[in-house]
Amino acid sequence: MKNKRIEYLAHKWLNNTISSEEGLEFNQWYRQGLDNPVFIGVNYAKSEEELRDRMYQVIERNINRKRRSGRWLRTVAAAFVVLNICAGIYLYSSKYEDQELVITDSSTADVAPGTDQATLILSDGSRVQLSDVAQNGQLADQGGVVISKTADGQLIYHVGSSAKSGSLGVIAYNTIETPQGGQYQVVLPDGTHVWLNAASSFRYPTFFSSSGNREVELSYGEAYFEVSPDADQPFVVSSGQQQLRVLGTHFNVSAYTEDGQIKTTLLEGKVKVTDRLSKAEALLRPGQQSLLSGAGIRVKNLDDAHMELWKDGKFIFDNEPMISVMQQISRWYKVQVVFQDPVQDVRLNGSVSRFEHLSTLLSKLEQTGLVSFKREGNSLVVMKP
């Protein structure tokens, strides 16, 4: 089927003017080669109207994410199919409020990928749960700094005139934490955009003073930063023994404790990496990555194939040892990993989508001929092929 025909049907569906025959045609196009299971919880919505509203939000968010890559039509089609499945089973599933309905082409329940979810810890210690189902809009007002949640998984800070004038006095700090299987975005008071990966903790001020550095802390985990430029106020990121100093740039920091090193990848601009223990320094340029460990700072060049990041929806493996690969999978899919055979040092190169169900991801890894997997409840056993 020609792309123009698909685009025509996609726009008709989005405008709610598609006929039943055209809807079937659109559905059949998407279903070609589709074998992924669909999981729907009965508490996903309280009414069919709410169900449709929530699915439209998912569609809009995914279209915005995929439009630039040219894959938005298939994303729209996927949402179309899921919406029709949801609408068809809603009345049935609502009769069984204590169960979860699973639609799958396999007798074994699969594991879905992670979602937008986190916990916001305010300066007074109160906690706010953030997720797709949590209420959108204003969450708190901390002395002139308004915190809001958007439908597309972002936490936004708006600084009022009292904060800008410096009349707030002592600066308050917030922390956002993502669980295993969670990710979230934060737009800081200066406009800096931060993406948090699973199992991460990020601490930051509710506003930046008019003098001094803009200082934040990635306590643990992984975060991608797009820093708002300000030549007068450098942006400083602390992670364990590492400190980064930037003016305006795009970079990623991975500081998981279990990895035994802090990995910084630079996409734009310049950053200065400092080992706060040895005082050693390294200046990164775009396309470079630093690895800070007990042995000091090591810098390597990356090729274009490894410049994509987790926030773009992929696992990227650059000569990655299997133990590191499985740590990433464990954090994102909330499974326990057990090595049955000594394959921890087997290394992988390449990339795979973070939004596949677990069985699909594992199948792709098995195709390398380097490793094999077996599911035992919530445990994932890693073996020789």
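The 3J(HN,Hα) values that the Karplus relation (6.51, -1.76, 1.60; θ = phi - 60°) gives for region 348-356 are, in residue order, 10, 10, x, 8, 8, 4, 7, 10, 7 Hz. Gly and Pro appear as x. Pairs with C-alpha atoms separated by more than 27 Å, drawn from the list K263/K334; K272/K364; K263/K314; K311/K384; K314/K384, are K272/K364; K311/K384. Counted by Cβ distance under 10 Å from H250, the other residues give a net charge of -2, where Lys and Arg count +1 and Asp and Glu count -1. Net charge of the neighbourhood of T119, taken over other residues with C-beta under 15 Å away and scored Lys/Arg +1, Asp/Glu -1, is -1. In this structure region 237-383 gives 46 Å² per residue of accessible area when probed at 1.4 Å with all protein chains present. A 1.4 Å probe, protein heavy atoms only, puts the accessible area of D345 near 130 Å². Scanning residues 5 or more positions from S228 or on other chains, those with amide H under 5 Å from its amide H are T192, H193, with H placed 1.01 Å from N in the peptide plane. Taking amide H atoms as placed 1.01 Å from N in the peptide plane, the amide H of L139 lies under 5 Å from those of I147, S148, K149, each 5 or more residues away in sequence or on another chain.
Shape of region 260-385 from its Cα gyration tensor (a ≥ b ≥ c, root eigenvalues): rounded if a/c is under 1.5, otherwise prolate when a/b > b/c, or oblate? The shape class here is prolate. Database remark: amide H of F339 closer than 5 angstrom to the amide H of V382 (H placed geometrically; neighbours at sequence offset of 5 or more, or on other chains; Pro and chain starts carry no H). Across region 237-243, coupling constants 3J(HN,Hα) worked out from phi with the 6.51/-1.76/1.60 Karplus curve, θ = phi - 60°, read 10, 9, 9, x, 7, 9, 10 Hz, and Gly and Pro carry x.
The values are calculated or read from the model by the stated rules, or taken from the named source; none is laboratory data. The structure displayed is predicted, hence computed values, not measured ones. Heads up, the Cβs are rebuilt from the backbone with ideal geometry, glycines too, and the neighbour counts pull from every protein chain shown. We work out accessible area using only protein heavy atoms, side chains counted, and drop any ligands, DNA or RNA first. Shrake-Rupley method; radii C 1.70, N 1.55, O 1.52, S 1.80 Å.
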